[in-house]
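Dropping a structure here in structure tokens format, bear with me for questions.
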Amino acid sequence: MGRIVFAWEFGSGLGHIQYDLPLAKELQARGHEVICIMKHVIDAGRILGQYGIKVLQAPVWQVKVKKLENTYNYAEALFNQGYLIEGGLASMTKAWRNLLGFIKPDILIADHAPTALIAARGTSIKTMLYGTGFFSPPIQKNMPSIMPWNRAPEGLIEHSERKAVEIINAVLGEIGSPLLVNLSDLFEVDENILATFQELDHYQERKEAKYWGPVISLPGGEVPKWPEQSRARKIFCYLKPHDPHFKEILTVLKQVDATCIIFTPGLSQEGKNDFQASNIVFSENPLDMHQVCKECDLVICHAGHGTIAITLLYGKPLFLVPEHGQLEQVLIAHNLAKQKLGIAMYTSQKTNEYKMNIERVLSQPQYVEHARKFAEKYSKYDPVKQVCDIADRFEELLN
């Protein structure tokens with residue numbers, strides 16, 4: 001049996017923990033020792049701990065970094081996390097290496113944990129990437145832009161990548177590990193598990209990739225209870241109340257010819273009272289998304305990968321509102337809108353466009369048709385089998 005470490009370093013929310021959970025449970029059920037080194041140990045302990053999975057605190061970046069006005073490639077995404085500070089990166093890398101040295105894992109599964117990959121470089125630990133496409137850039141010199149809608153200044157992408165390689169190599173030299181030639185060398189691992197579909201990959205130009213399919217939650221949660229008012233169309237809305245246009249969207253939902261269930265964790269009762277209407281109900285707890293997507297006509301969300309995947313597997317279009325500053329969400333929303341799987345709106349757009357675009361995605365057949373074709377293409381996709389197949393691959397690497 002093997003000792004397997006899941007590592008999560010960058011990102012927010014529960015998405016990474018929920019993505020790791022099914023695979024961690026499967027590997028543990030097969031007799032492997034599973035240890036999760038997580039950025040947010042409170043949430044991780046609550047979700048993973050109930051299954052007896054060990055949780056440790058990941059090294060946390062303490063430096064305050066002024067983020068770049070535009071983030072054109074993965075190197076600059078790293079700069080926004082602190083990678084421009086060589087001393088900080090060296091300390092973080094050594095902390096990860098110390099952790100891995102104490103644990104002595106057979107396999108390191110990196111769920112957006114590039115510093116853990118730096119620490120493991122040159123050791124006997126086998127490494128794997130696991131997650132959506134955003135965490136696994138294409139293996140090529142000068143990684144592609146992650147802002148394809150905004151042309152980068154001439155030579156900037158190349159300069160940023162050279163700078164990232166220079167800083168990382170200084171740290172690798174300090175710990176006696178092999179240097180990088182290109183930044184993408186960091187992602188040349190023993191196995192790259194792209195847990196997504198090609199249509200949902202953040203890097204649409206990726207070549208020769210194997211897509212394992214997304215992690216989909218099993219049926220569970222509360223049964224959706226739609227408003228008693230009878231209307232032909234149903235909308236499910238999952239938004240966070242801090243979104244700049246949250247109030248405008250909920251105001252629009254009071255006006256559309258549809259019944260709506262709204263799940264918005266953290267909204268006070270007073271806030272809910274402001275948006276009460278005969279066609280709206282608020283859900284206090286997470287719903288069974290399988291049942292929701294069977295019954296609804298449209299899902300409104302922040303462009304989280306898991307919510308998008310399950311919605312499209314049921315052939316329903318999307319209205320996407322990426323959170324401000326969440327480049328991963330902005331990029332996937334941009335790609336899906338190009339594929340006519342829904343409409344994306346951003347915080348820079350005028351709020352009076354919300355009602356028009358929600359009605360548009362509900363009424364124009366092209367969005368429903370593209371979502372239906374997506375569901376037909378992946379109608380035989382089995383998320384339980386996907387987890388077992390990935391676990392099989394891990395066990396091959398252990399032998």
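The values are calculated or read from the model by the stated rules, or taken from the named source; none is laboratory data. These numbers were taken from a predicted model, which means no experiment stands behind them. Counting neighbours? That spans all protein chains shown, and the Cβs are built from the backbone with ideal geometry, glycine included.
How about the stretch 169-185: which of its residues are touching a residue at least 24 places away in the same chain (Cβ under 8 Å) and loosely packed, with under 14 Cβ neighbours inside 10 Å?
Of everything in the stretch 169-185, those that are touching a residue at least 24 places away in the same chain (Cβ under 8 Å) and loosely packed, with under 14 Cβ neighbours inside 10 Å turn out to be GLU174, GLY176, PRO178.
Further question on the same structure: So which residues in the stretch 275-297 are without any contact (Cβ under 8 Å) to a residue 24 or more places away in the chain and among the acidic types (Asp, Glu), if there are any at all?
GLU284
At pLDDT below 95 and either surrounded by 20 or more Cβ atoms within 10 Å (Cβ to Cβ) or closer than 16 Å to PRO59 by Cβ (or both): which single residue out of ALA119, ALA77 fits that description? Can you show your working first?
Details: ALA119 fails: at pLDDT below 95.
Going through ALA119, ALA77 in turn, just one is at pLDDT below 95 and either surrounded by 20 or more Cβ atoms within 10 Å (Cβ to Cβ) or closer than 16 Å to PRO59 by Cβ (or both): ALA77.
Filter the stretch 8-30 down to residues that are within 18 Å of the chain's Cα centre (by Cα) and either in a loop (DSSP other than H, G, I, E, B) or not aliphatic (A, V, I, L, M) (or both), then give me how many there are. Working first, answer last.
Pass one, the stretch 8-30, residues within 18 Å of the chain's Cα centre (by Cα): 8-24.
Now restrict to residues that are either in a loop (DSSP other than H, G, I, E, B) or not aliphatic (A, V, I, L, M) (or both): 8-16, 18-20, 22.
Result for the stretch 8-30: 13.
On the given criteria, is PHE246 within 26 Å of GLY325 (Cβ to Cβ) and at pLDDT below 90? Don't jump to the end; show me each part of the working.
On the way: within 26 Å of GLY325 (Cβ to Cβ): yes; at pLDDT below 90: yes.
For PHE246, the condition - within 26 Å of GLY325 (Cβ to Cβ) and at pLDDT below 90 - is met.
In addition: Since LEU200 meets every condition but one in (1) closer than 30 Å to ILE262 by Cβ; (2) at pLDDT below 95; (3) in the same structural domain as LEU89 (by TED's automatic domain parsing), which condition does it not meet?
Of (1) closer than 30 Å to ILE262 by Cβ; (2) at pLDDT below 95; (3) in the same structural domain as LEU89 (by TED's automatic domain parsing), only one is false for LEU200: (2).
The rows are residues; the columns are (1) under 20 Å from GLN18 (Cα atoms); (2) of a type in the set (Val, Ile, Thr); (3) surrounded by 22 or more Cβ atoms within 10 Å (Cβ to Cβ); (4) out of contact with any Leu (no Cβ under 9 Å at 6 or more places or on another chain).
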| site | (1), (2), (3), (4) |
| --- | --- |
| HIS290 | yes, no, no, no |
| CYS301 | yes, no, yes, no |
| LYS316 | no, no, yes, no |
| ALA375 | no, no, no, no |
| CYS388 | yes, no, no, yes |
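Considering every residue within the stretch 186-205, establish whether at least one is among the small types (Gly, Ala, Ser) and buried (at least 20 other Cβ atoms within 10 Å of the Cβ). Can you show your working first?
To start, the set of residues in the stretch 186-205 that are among the small types (Gly, Ala, Ser) comprises 195.
Filter once more, keeping what is buried (at least 20 other Cβ atoms within 10 Å of the Cβ): 195.
Yes, because at least one residue in the stretch 186-205 is among the small types (Gly, Ala, Ser) and buried (at least 20 other Cβ atoms within 10 Å of the Cβ).
Looking at (1) farther than 21 Å from LEU267 by Cβ; (2) at pLDDT 95 or above, find the lone condition where LEU327 falls short.
Result: LEU327 fails condition (2) only.
Is it the case, given these coordinates, that ASP20 is crowded, with 24+ Cβ neighbours inside 10 Å and in the same structural domain as GLY133 (by TED's automatic domain parsing)? Can you show your working first?
Working: crowded, with 24+ Cβ neighbours inside 10 Å: yes; in the same structural domain as GLY133 (by TED's automatic domain parsing): yes.
When the stated conditions are applied, ASP20 passes them.
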